[in-house]
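Below: one structure, written as structure tokens.
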Amino acid sequence: MRFVDEFRSPALAALLSARLQRLAGQPLTVMEFCGTHTMAIARYGLRTVLPPRFRLISGPGCPVCVTPPGYIDAAADLSRNKAVIVATFGDMLRIPGTEGSLLQARSAGRDIRIVYSPLDAVRLAQDNPCKHIVFLGVGFEATAPVIGLTILEAARLGLNNYSVFSALKLVTPVLHLLTAGRKLQGLLCPGHIAVVTGLAPFRLAAEQANLPAVVAGFELLDILQAFIILDRLAEQGRPELINQYPRVVRAEGNAAARAVLRRVFYPEASWWRGLGRIAQAGLAIRKEYCRYDAGKIFGLPAITDTETAGCYCSDILTGRKTPPECVLFKTKCTPEQPQGACMVSGEGACSAYYRYG
């Protein structure tokens, strides 16, 4: 498959790994912001092949993981309404709130359904005209345009039984917060988000943090190439951004996707699990589309952040600790009985460490 198989070549991976081992640079601490990178690094066993001077820190780049438990509580309460069907991505079901998960709510007989695309929720509204469909809008810049399109499609169809409960987040305002005062030598930036935003926000983050940064893809060779580039930039003292993913990411990003975001949403302060309330780091639905805003329709409470007793999710999401440093990891907190979102999500750091070590 073009652009995929070439970046999974074991022979080329061995060459790049050997090249990394030969590089005699300074100690390098790199934060991979994105949960997709975290899982790929674990799946490919890259921590075992990197030189000892490399230290990788996982950031909060998993939208499910940074969704506060209060949002889960509000969604579970909403599902008590017999006139409502809650539609959600599957990985949201097992995220613990303060009073249980959506999976537990569904087991209690509430109508909570898994969809595989946001547009499936619109079809659900068409097929169930006597029910109100609430889609749980969780995601970053890569997902938000499609969720925005569901609102535009519902408006086009004249649906009055569809809405979105938005917990959408913006990555780029958070980058500076994460890097301020941290002893980092590099940033590994998410390619799929740069597809929408373009390179400018990540270039600004690199300049503000005075760090080298690479926008990278998610295949084995993508990540190895990114580490080689970061090592070279750090050694040369060049705090700049390089696009390792030009086969997918354009400098200008996707103007059409950003136009949908501007049309349907506006930036507002948002609670991020582990990081608190961050200005301009969330997306709210504009008043022109308030008839599709579940928060306003059902008077849902303002979302705040809480934490499970003993759970280190906050420290793991901000890179202050690694999953094995959590006292609950692999004891009370497992994929079968997760105590925090980082163990549930397919992009969570705890899940990655549990599955791949």
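The values are calculated or read from the model by the stated rules, or taken from the named source; none is laboratory data. Quick caveat, the model's predicted, so the values are computed rather than measured. Using ideal geometry, Cβ is built from the backbone for each residue, glycine included, and neighbour counts are taken over all protein chains shown.
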Can you work out which of the residues in the range 10-27 that are touching a residue at least 12 places away in the same chain (Cβ under 8 Å) and not in a helix (DSSP H, G or I) is surrounded by the fewest Cβ atoms within 10 Å (Cβ to Cβ)? GLN26
What's the number of the condition ASP305 fails, among (1) of a type in the set (Asp, Glu); (2) within 28 Å of GLY340 (Cβ to Cβ); (3) free of Cβ contacts under 8 Å to residues at least 12 places away in the same chain? (3)
Is it true that some residue in the range 99-119 is surrounded by 20 or more Cβ atoms within 10 Å (Cβ to Cβ), more than 20 Å from the chain's Cα centre (by Cα), farther than 29 Å from LEU178 by Cα and in contact (Cβ under 8 Å) with a residue 24 or more places away in the chain? yes
Residue among ALA42, ALA76 that is assigned by the TED database to the domain that holds THR143 and closer than 30 Å to SER101 by Cα: ALA76
Flag for ALA269 being outside any loop (DSSP other than H, G, I, E, B), free of Cβ contacts under 8 Å to residues at least 24 places away in the same chain and farther than 23 Å from GLY158 by Cα: yes
Got a number for residues in the range 325-357 being of a type in the set (S, T, N, Q) and either within 15 Å of LEU93 (Cβ to Cβ) or touching a Gly at 6+ places or on another chain (Cβ under 8 Å) (or both)? 4
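Being part of a helix (DSSP H, G or I) and of a type outside the set (Lys, Arg) is the requirement here; does MET31 meet it?
Criteria not met by MET31.
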If you go through LEU204, LEU224, LEU211, the only one that is over 17 Å from CYS62 (Cα atoms), without any contact (Cβ under 8 Å) to a residue 40 or more places away in the chain and in a helix (DSSP H, G or I) is LEU204
Would you point out which residue out of VAL248, VAL260, VAL264 is of a type in the set (A, V, I, L, M), more than 16 Å from ILE151 (Cβ to Cβ) and more than 18 Å from the chain's Cα centre (by Cα)? VAL248
